[in-house]
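J.: One structure is given below, represented as structure tokens, and several questions about it will come after.
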Amino acid sequence: MKFCFWGDIADAILGKTIGGGEIQIAQLARALARQGHEVVIIDFEAEESFSTEEGIKVKSVPGWNKGIPGLKILIHQIPVLYRMLKAEKADYYYVRMRSYFNITSYLAARKNKAKFIVALAHDLDVAGFRDRFRYEYKSRLSLKSFFTLYLPNDLVFDYTIRRADFITLQHKGQRLLSRRFRGKQQVFENIFDLNKVKDVVKQPGDFYVMAGSLTIMKGIGNLLELVKRMDKSVNLVVIGEPRGKMAEAVYNELKKFPNVVLKGRLRHAETINYIASAKALVSTSNFEGFPNVFLEAWANGVPVMSLQVNPGNVIKEAGLGEFVNGDYEALAACMLANSTAAIQPAHLVNYINEHHSIEKAADKFLRFIGQPL
């Protein structure tokens, strides 16, 4: 079978740090290619075309940025991306994340009488406009960005997901109940390659760690409220850089607490070493899908303490840490008591191997779309 993806995926294929959605596309592409399926990625950010050892073909888009700013999207970029996707004549076209460019993949699939797959990448994908505005748009909103980026992204995403043949969910809490969604839905957990943790340097320390983008949506404001309630004997290492004026203001407030160490942005390998050495990973994010950083913690035998995010109730059901349902005082108490200390690292690693392993991903995906293994 032939699968076609699009997006800024080349860096993720090459192992460079990039967003979680791109990482998951790269992992699925790699899993399918290892099974002998033909996999093509159209990447307009790639400087040149190349093929990987697994056989994934990454194709660049010549002249992607030529044209008049503002007009080139409609008169050049969308047409050229559609032509390239259509020319692949794939059996399956796959999109992930909200983007108006998804329309090109959908139209290419329909033109070639192929199947179209939409993968949910975030809980906000299935949220209403109010939550999207409050947690994603508000902190970085301008009228220009709303009408030229956010609104088109949402309109195209909502249009294509209702017409998709298949919809993959990150967890059961994302299930779409309306009859407007025609496609077959199934949970397809995020993929993790356990080989990535073989070189981790683990030096257990007396600290907790938080890692990721420091934005309002990712809960930097919640982090400040938590820190105010933490016992002064509890140490927290924060990895990441603030994005946006509101986040920067909160970040400056965090500098005032002596038990909070702000590391800024680190290389991915350094970040993983900190996670592997921590007593637990702490999350104060408002919305996620199924965070890759959770997988990285569990793969290293480190539990998660989460304020707001509990994808599909998995933290409680699988015994992977603590979830406090928005209660700052409870989370601060868990940290003081080190309440996840009894969780065995082997249990966490076994969970990753059973539910998120890249070795099992292709078979699971092929069963979902009805193809023989």
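J.: So Thr104 ticks every box in (1) more than 15 Å from Leu155 (Cα to Cα); (2) in a helix (DSSP H, G or I); (3) open to solvent by less than 40 Å² (accessible area, probe 1.4 Å) but one. Which box is left unticked?
T.: Answer for Thr104: the failing condition is (1).
J.: Can I ask one more? Working only within region 300-335, note down all residues that are assigned to a helix (DSSP H, G or I) and either of a type outside the set (A, V, I, L, M, F, W, C) or touching a Ser or Thr at 6+ places or on another chain (Cβ under 7 Å) (or both).
T.: Correct list: Pro311, Gly312, Asn313, Ile315, Lys316, Glu317, Tyr328, Glu329.
J.: Is there a residue being within 16 Å of Pro204 (Cβ to Cβ) and open to solvent by less than 30 Å² (accessible area, probe 1.4 Å) anywhere in region 303-324?
T.: yes
J.: Please work out which one of (1) farther than 30 Å from Met246 by Cβ; (2) of a type outside the set (Val, Ile, Thr); (3) surrounded by fewer than 16 Cβ atoms within 10 Å (Cβ to Cβ) is the condition Pro69 fails and give its number.
T.: Checking Pro69 against (1) farther than 30 Å from Met246 by Cβ; (2) of a type outside the set (Val, Ile, Thr); (3) surrounded by fewer than 16 Cβ atoms within 10 Å (Cβ to Cβ), the one that fails is (1).
J.: Within region 270-288, how many residues turn out to be in contact with an Asp or Glu (Cβ under 8 Å, 6 or more places away or on another chain) and farther than 24 Å from Val250 by Cα?
T.: Adding up the residues that qualify gives 2.
J.: Here is a further query. As an exercise: evaluate Ser306 against (1) hydroxyl-bearing (Ser, Thr, Tyr); (2) in contact with a Phe, Trp or Tyr (Cβ under 8 Å, 6 or more places away or on another chain); (3) touching a residue at least 40 places away in the same chain (Cβ under 8 Å) and give the number of the one condition it does not meet.
T.: With respect to (1) hydroxyl-bearing (Ser, Thr, Tyr); (2) in contact with a Phe, Trp or Tyr (Cβ under 8 Å, 6 or more places away or on another chain); (3) touching a residue at least 40 places away in the same chain (Cβ under 8 Å), Ser306 is out only on (3).
J.: Select the strands (runs of 3 or more DSSP E) contained entirely in region 144-222, then report the ones holding at least 1 residues which are free of Cβ contacts under 8 Å to residues at least 60 places away in the same chain.
T.: Details: elements: 166-169, 184-187, 208-211.
Result: 166-169, 184-187.
J.: Another question, then. Please give the number of the condition Arg134 fails out of (1) farther than 30 Å from Val250 by Cα; (2) out of contact with any helix residue (DSSP H, G or I) (no Cβ under 9 Å at 6 or more places or on another chain); (3) open to solvent by 70 Å² or more (accessible area, probe 1.4 Å); (4) among the charged types (D, E, K, R).
T.: Failed condition: (1).
J.: Output the number of residues of region 336-370 satisfying the condition of being part of a loop (DSSP other than H, G, I, E, B), closer than 30 Å to Ile13 by Cβ and either open to solvent by 60 Å² or more (accessible area, probe 1.4 Å) or not hydrophobic (A, V, I, L, M, F, W, C) (or both). Please lay out each step first, then the result.
T.: Step one: list which residues in region 336-370 are part of a loop (DSSP other than H, G, I, E, B), which gives 338-344, 356, 369-370.
Checking which are closer than 30 Å to Ile13 by Cβ leaves us with 356, 369-370.
If we keep only those that are either open to solvent by 60 Å² or more (accessible area, probe 1.4 Å) or not hydrophobic (A, V, I, L, M, F, W, C) (or both) too, we end up with 356, 370.
Of the residues in region 336-370, 2 are part of a loop (DSSP other than H, G, I, E, B), closer than 30 Å to Ile13 by Cβ and either open to solvent by 60 Å² or more (accessible area, probe 1.4 Å) or not hydrophobic (A, V, I, L, M, F, W, C) (or both).
Condition check ((1) crowded, with 21+ Cβ neighbours inside 10 Å; (2) charged (D, E, K, R); (3) within 17 Å of Met1 (Cβ to Cβ); (4) at pLDDT 95 or above) across all residues:
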site: Val80; (1), (2), (3), (4): no, no, no, yes
site: Arg83; (1), (2), (3), (4): no, yes, no, yes
site: Lys89; (1), (2), (3), (4): no, yes, yes, yes
site: Met97; (1), (2), (3), (4): yes, no, no, no
site: Lys111; (1), (2), (3), (4): no, yes, no, yes
site: Phe116; (1), (2), (3), (4): yes, no, yes, yes
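J.: Which condition number does Val261 fail, the rest of (1) open to solvent by 60 Å² or more (accessible area, probe 1.4 Å); (2) more than 24 Å from Ser339 (Cα to Cα); (3) touching a residue at least 24 places away in the same chain (Cβ under 8 Å); (4) out of contact with any helix residue (DSSP H, G or I) (no Cβ under 8 Å at 6 or more places or on another chain) being met?
T.: If we test Val261 against (1) open to solvent by 60 Å² or more (accessible area, probe 1.4 Å); (2) more than 24 Å from Ser339 (Cα to Cα); (3) touching a residue at least 24 places away in the same chain (Cβ under 8 Å); (4) out of contact with any helix residue (DSSP H, G or I) (no Cβ under 8 Å at 6 or more places or on another chain), just (2) comes out false.
J.: Here's a follow-up. For residues that are in a loop (DSSP other than H, G, I, E, B) and either free of Cβ contacts under 8 Å to residues at least 40 places away in the same chain or surrounded by fewer than 16 Cβ atoms within 10 Å (Cβ to Cβ) (or both), tally how many sit in region 223-242.
T.: So the count comes out to 6.
J.: Residue by residue through region 7-42, note down the ones that are of a type in the set (A, V, I, L, M, F, W, C) and open to solvent by 30 Å² or more (accessible area, probe 1.4 Å).
T.: Of everything in region 7-42, those that are of a type in the set (A, V, I, L, M, F, W, C) and open to solvent by 30 Å² or more (accessible area, probe 1.4 Å) turn out to be Leu14, Ile18, Ile23.
J.: List the pairs whose first member sits in region 91-104 and is at positive phi and touching a residue at least 60 places away in the same chain (Cβ under 8 Å), whose second member is open to solvent by less than 40 Å² (accessible area, probe 1.4 Å) and not in a loop (DSSP other than H, G, I, E, B), and whose Cβ atoms are under 7 Å apart, counting only residues at least 6 apart or on separate chains?
T.: Every condition considered, the pairs that remain are Met97/Gly21.
J.: What number of residues within region 193-216 satisfy the criterion of being open to solvent by 20 Å² or more (accessible area, probe 1.4 Å) and closer than 20 Å to Ala119 by Cβ?
T.: The qualifying residues number 0.
The values are calculated or read from the model by the stated rules, or taken from the named source; none is laboratory data. Small disclaimer: the values here were computed from a predicted structure and weren't measured. Using ideal geometry, Cβ is built from the backbone for each residue, glycine included, and neighbour counts are taken over all protein chains shown. The accessibility values were calculated without ligands, DNA or RNA, using every heavy atom of the protein model including side chains. Shrake-Rupley method; radii C 1.70, N 1.55, O 1.52, S 1.80 Å.
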